[in-house]
Amino acid sequence: MDLLSQLRGQIADFSAFLHREGFVDDQFTQLQKLRDESSPGFVVEVVSLFFEDCEKLVNNMAKALEQQIVDFKQVDSHVHQLKGSSSSIGAARIHNVCIAFKTCCEDQNRNGCVRCLQQVNHECIQLKNNLQTLFNLEQQIIAAGGSIPAKQ
Amino acid sequence: MLGDGDKMWLKCLEKVSGNSCKIHHLYYQYIGSMRIRKTWWRKLLVAWIGCWIAVSVWIFWYMSSQAFEKRKETLASVCDERARMLQDQFNVSMNHVQAMSILISTFHHGKNPSAIDQRTFARYTERTAFERPLTSGVAYAVRVLHSEREQFENQQGWTIKRMDTFEQSPVQKDDSVAEALEPSPIQEEYAPVIFAQDTVAHVVALDMLSGTEDRENVLRARASGKGVLTAPFRLLKTNRLGVILTFAVYKTDLPSNAIPRERIQATDGYIGGIFDIESLVEKLLQQLASKQTILVNVYDITNQSHPISMYGSNVSDDGLEHVSALNFGDPFRKHEMRCRFKQKPPWPWLAITTSIGILVIALLIGYIFHATLNRIAKVEDDCHKMRELTKRAEAADVAKSQFLATVSHEIRTPMNGVLGMLQMLMGTALDANQQDYVRTAQDSGKALVTLINEVLDQAKIESGKIELEAMPFDLRAIMDEVLALFSGKAHEKGVELAVYVSDAVPEMVIGDPGRFRQIITNLMGNSIKFTKKGHIFLTVHLVEEVMDSMDVETESSSRNTLSGLPVADGSRSWVGFKIFNPEGSSHTPSPSSSDLVNLIVSVEDTGEGIPLEAQPCVFTPFMQVDPSISRKYGGTGIGLSISKCLVGLMNGEIGFVSIPDIGSTFTFTAVFSNGCCNSNDSKPQKQRLKNQSNTMSSTFQGMTALVVDPKPVRAKVSRYQIQRLGIHVELVLDFNQGLSSISNENKAVNMVFVEQEVWDRDSSISALFIYELIQIDQGTKLFLLGNSLSSSRTNTATSGFYTPSVITKPLKASMLSASLQRAMGGNKGNPCNGEHSSLSLRNLLAGRKILIVDDNEVNLIVADAALKKYGADVVCADSGKKAMKLLKPPHKFDACFMDIQMPEMDGFEATRIIRDMESNGHIPILAMTADVIQATYEECQRCGMDGYVSKPFEAEQLYQEVSRFLQPITSVNL
C-alpha cells in the first residue's frame, strides 16, 4: 500500500504540474472523467489517436509549406483540424499555438507558419512525453493493484 | 452733379450686389478649388481698386473743369460788362464832341462875325466838361489853305506853328512852348488850332496837319465825316496815354452818301477831343465793385501784330484771359479789352474732397471685400480643420468604442472564469441555501456581464442611437432575475423584497427584455439604496386591470402593505399619465390592438423618500437630491434619466410619488406585443427561455399548497410564486383555517407554507399546528417563509422536535423549486445529487439516438464519449455527406450535433440540404463550434440550425440548448 500511495502522490503532483505548466486544461480532466469501467483505456486511446492525427497533420503542413507556392488555405484547414482536436483533448499549449498559427495563415506569413509548425511539433513531442509519463504512472498503479484516482 | 453722384452710387450698389451674387455662385462652383478662387478674387480686388481710382480721377477732372468753365464764364461776363460800359461812356463823350462840332459850325462859321472866340470857347468847354467825363480837353482847328494863310495869321495875330518839333520835345515848360515852336513851313493847307479848352491851351496855333498822328486823323475824319481816333500816344504835357478823337466840321450839311471829295471840299475845320484812356478806364473800373479781383488791359489792335497797350499794367500772365471787343465808333481802328483775374484760381477743394471721398469709400469697400474674403478663407480653413478634428474625434470615438469593447471583453473573460467556477461549485453537494447563494452569485455575475454591455449601450442612449429589440421573453423570469440581483442587498439590510406579476399579464411578451430589465433594475437599485427598513415591492399589472380597480381600491391600501409600514400611494404616481387620461372619454387606451400589452410596473419602497424641493428634477441627468447623497450612497444619478428615456422608447410614461420619511413609489408603463398568441407554434423557444423553472414545474405539477398568512398582499405574492411551479395554492389567514383546510378529505395538501411572522408569534400554537399536521399525516411538508437567515436560526432553537425547512425570501420560483426539491428529494432516495444540469441531461438524453458529425476524429470520439456518459445512443459521422445519408428520412435520430467547419461540405450546407430533404418532422440540428459569437448564431439560424453548443461540451450550455428540443423522458414522480 505504501507504494500505491506513493504512486498516487506522484500522479497527483504530476497532473498538477501538467495543469500548472499549461500542457493540459480542464478539458483533459473532463476527458479523464469520461473513462469508465467499460472502457478503461479510453484516454490512452483518444490521446494516441490524437498524436497520430497530429503527426499526420504536421507532416502534411510541413509538405505544404515546403512548396514553392504555399497553399495557405490548405494549411489553414489543417491547423483548424489540429486546433479542434487539441481543444477536444484539452491540449492547451498546442491549442494556443494553433491560434497563432491560424493568424499567420490568414496573414499568409510563411516564416510565421514555419515557426509555428516547429512550435507545434515541439509541443506535441513534449506533451507526448509528458502524457506518456502520466500513463506509465497510471499503469504502475494498476499494476500495483490500485485504481486510478478520481479527478476532482 | 447730384444726379451724377446718384448714378454713381447706383452703379456702385449694383456692382456690390453683383459681386455678392458672384460670391455665392463662386462659393458653390469652386468649393473644391480654393486656390483658383483666391487668385481670382485677388485679381478682382485689384481691378476694383484700379477702376475706382480711375473713376475718382475722372471725377476730379470733371469737377475742376466745371469750376474752370464757371470761372471763365464769370470772367467773360465781367469783361463784357466792362467793355460795354467803357464803350457806352466813350460814345457819350464822342456824341458830345460831335455836338460841339455842330456848335462850332453853327456859331463860328454860320455867323459872321463869329459868335465864338477863344475865351468863349474855353469857358463853354470848361463848364460843359462834366458832359464829357472822358475827355481831358477839346480843341478846334480850322482849315486854312495856303492862299489864306497870311490873312489868317494876321487876323489871329500869330503864325501857324509846326507840331512835329513840338512832339519831339514834349517835356518843355509851358511858357517856353510858344516861343520855341517854329512857324509851320509852307504847305498846301493848314489846320491851326484856334480854340482850345484851358486844359489844352498850349495847342493853340499848332498846325494839326503837321503832326503825323493828327494829320492822318484829320484827313480821315474829313473824308469819312465820322469821328476818327488816333492811335494811342503820349499826350503833350500830361505824358499820359491818350487818343484824339477828330470830327470834321463842314460848311454845309452834306448828304449821308456824299463822296469823300465833296466832304473834303466842304470841310471848314476839325474839332478834336483828347481822351485820356487811362483815367477813363480807371474811373470806370472804380465804379464797379469787382475791380480788385480783375485785371483789365485795353489794347489798340489796329495793327494786329503790334497791339498798343492803352491801359493796364503789362503783366504777362498765361492764366485765364477773356478778350472783349471794343467799338469806339471808328471803323478803321480796332480796340479790345483783355480781362484777367488778379488772383490765381483757388484750389478746387470740392473736386478734391469729392474724388478723395469716393476713392476712400471704394477702398473701404475693397477692404471689406478683402476682409470678407480673408474671413471666408479663414472660416473655410477653420471648417476644414474642424472637419479634420471631427474626423479625428470620430476616430477617437471609434477607438474609445473599440477600447470599451476590448476592455469589456477582457472583463468578460475573467468573469467567465468566475461564473465557471460558480457553476462547478454548484455541481458539488450543497444545501438549498448554499445552492441559492451560488446561483445568486452566478446570476449577479451574469448581470455584471450584462451591465458591461449596458455601459456600452449608455453611450448609445446619450447619442440617441438606441434601438429596441423585439424578441419574445418571459416577463416573470426577468422579474426573478432582478429579484435575485437585489436579494443579497435586501438581506443585508433586512428589507423585504417581493415581486408580484398579475395573472392577467401574458406569460410571453415581445419587446426588449434587456432594456425592460434595465429600467426595473434602475428603479430597484434606487429603492434599495434609500430603504433601510420595511419592504420593496415590485408589481406588474396590465394597465386595463389597474384602470378597472382604480375606483374600488382607494381606501384599503392605507395599512395593507407588505411590511405593514405605510407607503406612498402608488396610484398618485400615474394620475398624470396620458394613457389614463385619453383625449375625450374613449375608454381603453388602444382598444383596437388586442395584440398590444400595456403593462404598468410599479416599484414601491418604504425608504427616505425624495425631498419635495428635489422632486421636479428627479429625471434630469446627473441630478441627485443632494451632493452628499452621492458620497453616502454612490452612483451617478443618470439611472433615472436613462430609465425615462427607455420608457419613452417603449411608448410608456414614468412617474412617481414620494413622501419624505414614508417612501416613494415609481410607476411606469410600457407597451409590448403579446407573445402568447403564437406560443403554441414556438414552443421550443418559450421553453428555452423558461429553462430551469419550467422543468421544475413538471415535478410539482398538480400539487396543492396552503399558505398561512394574515396579510393579503404578502399572501398574494407567495401564491404568485408558488403557483408558478404549477402548484395549486390556497390562502388561509391562520392555523385554524389551515388545519380545517388540510383535514378536508376531498383534496390532499402536499405542502404548507407558513409565514415566519405567524410562526414566531406564538411558538406553542406553532407546535400545536405541527402536531396536528403529523396527526393528519398526509405526508404534508411544512415550510417557513423567512425573511432572513438570522430569524431562521432562532427559529431552529425554539421548535425542538420538528424543524420545518425555511425558505428565505425573496421568493422566486427557481429558488422555491430548489428548496422544495431538496425537501421532497428525501423521498426519492438520492438527496445529495446536486449536479443539477448533469442529472437533467441524463434525463434528457438517456436513450436518445443522436448523430454527431465532425471530420475530426478526436473531436468525434470525445463528443461521443461525453454524450454516451449521459446515456445517449450515439452515432458518429465524419463528413457532411455521410450525415446527409444518415439523416435521409425516415430515420430514427432525435438530434444531430454538427461541426460547422468541415472539408467538402460544411455544417451549414449539410444542414441546408437536410432541411430540404425533410418533408415532415424537424430534427433538431445543433452546431458545434469553438468560437461562440453572435454572428455564428445568426448564421446558424439562417441555414436552419436550431442552435449551437460549444465545443468541447459544457454541461450547462449543452443542457440549455438540448432542453429546448427534448422533453425529459422520465417524468419524476413523487
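Considering only segment B:942-971, how many residues are exposed (fewer than 14 other Cβ atoms within 10 Å of the Cβ) and either at pLDDT below 70 or touching a strand residue (DSSP E or B) at 6+ places or on another chain (Cβ under 8 Å) (or both)?
4
Only one of A:Asp36, A:Asp26 is within 15 Å of A:Ala91 (Cα to Cα), within 13 Å of chain B (Cβ to nearest Cβ) and at pLDDT below 85; which? Show your work before the answer.
Working: A:Asp36 fails: within 15 Å of A:Ala91 (Cα to Cα).
One residue alone meets the criteria, A:Asp26.
Please give the helices (runs of 4 or more DSSP H) falling wholly within segment B:840-921 in which 3 or more residues are within 11 Å of chain A (Cβ to nearest Cβ) and among the small types (Gly, Ala, Ser).
Helices (runs of 4 or more DSSP H) meeting the threshold: B:857-869.
Does B:Asp855 satisfy the criteria of being in contact with a strand residue (DSSP E or B) (Cβ under 6 Å, 6 or more places away or on another chain) and charged (D, E, K, R)?
When the stated conditions are applied, B:Asp855 does not pass them.
For segment B:863-879, indicate whether the set of residues that are surrounded by 15 or more Cβ atoms within 10 Å (Cβ to Cβ), basic (Lys, Arg) and closer than 27 Å to A:Phe28 by Cβ is non-empty.
yes
Which of the residues spanning segment B:115-155 are of a type in the set (Gly, Ala, Ser) and either touching a residue at least 24 places away in the same chain (Cβ under 8 Å) or surrounded by 15 or more Cβ atoms within 10 Å (Cβ to Cβ) (or both)?
B:Ala122, B:Ala129, B:Ser136, B:Gly137, B:Ala139, B:Ala141
Can you name every one of the helices (runs of 4 or more DSSP H) wholly within segment B:104-169 that holds 1 or more residues which are closer than 20 Å to B:Val249 by Cα and small (Gly, Ala, Ser)?
Per the criteria, B:118-127.
If B:Thr620 satisfies every condition in (1) at pLDDT 75 or above; (2) among the β-branched types (Val, Ile, Thr); (3) over 16 Å from B:Thr669 (Cα atoms) but one, which is the exception?
Going through the list (1) at pLDDT 75 or above; (2) among the β-branched types (Val, Ile, Thr); (3) over 16 Å from B:Thr669 (Cα atoms), B:Thr620 breaks only (1).
Filter segment A:39-49 down to the residues that are touching a residue at least 12 places away in the same chain (Cβ under 8 Å) and facing another protein chain (nearest Cβ under 10 Å) and list them by number.
Matches in segment A:39-49: A:Val43, A:Val46, A:Val47.
Would you pick out the residues in segment B:887-931 that are in contact (Cβ under 8 Å) with a residue 40 or more places away in the chain and not hydrophobic (A, V, I, L, M, F, W, C)?
Those that are in contact (Cβ under 8 Å) with a residue 40 or more places away in the chain and not hydrophobic (A, V, I, L, M, F, W, C): B:Lys892, B:Asp894, B:Asp899, B:Pro903, B:Gly907, B:Pro924.
Kindly check whether there is at least one residue in segment A:102-110 that is surrounded by fewer than 18 Cβ atoms within 10 Å (Cβ to Cβ), modelled with pLDDT under 85 and within 9 Å of chain B (Cβ to nearest Cβ).
no
Kindly list, by first and then second residue, each pair from a residue in segment B:430-447 that is in contact (Cβ under 8 Å) with a residue 24 or more places away in the chain to a residue that is part of a loop (DSSP other than H, G, I, E, B), limited to pairs with Cβ atoms under 8 Å and residues at least 6 apart or on different chains.
As it stands, the answer is B:Leu430/B:Gly834; B:Gln435/B:Gly834, since those pairs meet every condition given.
With the requirement that a residue be more than 10 Å from chain B (Cβ to nearest Cβ), surrounded by 24 or more Cβ atoms within 10 Å (Cβ to Cβ) and in contact with a strand residue (DSSP E or B) (Cβ under 9 Å, 6 or more places away or on another chain), what does segment A:51-96 give you?
Hits for segment A:51-96: nothing passes.
Among (1) at pLDDT 85 or above; (2) surrounded by fewer than 22 Cβ atoms within 10 Å (Cβ to Cβ), which single condition is B:Val575 missing?
(1)
Somewhere in segment B:445-463, is a residue surrounded by 14 or more Cβ atoms within 10 Å (Cβ to Cβ), modelled with pLDDT of 80 or more and assigned to a helix (DSSP H, G or I)?
Yes, segment B:445-463 has at least one match.
Can you tell me which of B:Leu145, B:Leu86, B:Leu134 is modelled with pLDDT under 80, aliphatic (A, V, I, L, M) and touching a strand residue (DSSP E or B) at 6+ places or on another chain (Cβ under 8 Å)?
B:Leu134
Restricted to segment B:333-379, and to residues that are in a loop (DSSP other than H, G, I, E, B) and touching a strand residue (DSSP E or B) at 6+ places or on another chain (Cβ under 7 Å), which residue is surrounded by the fewest Cβ atoms within 10 Å (Cβ to Cβ)?
Residue satisfying both the conditions and the ranking: B:Lys342.
Any residue at all in segment A:3-15 that's within 12 Å of chain B (Cβ to nearest Cβ), under 26 Å from A:Ile141 (Cβ atoms) and in a helix (DSSP H, G or I)?
no
The values are calculated or read from the model by the stated rules, or taken from the named source; none is laboratory data. The shown structure was predicted, so the numbers you read here are calculated from the model rather than taken from an experiment. Here the Cβ is made from the backbone with ideal geometry for all residues, glycine too, and neighbour counts use every protein chain on show.
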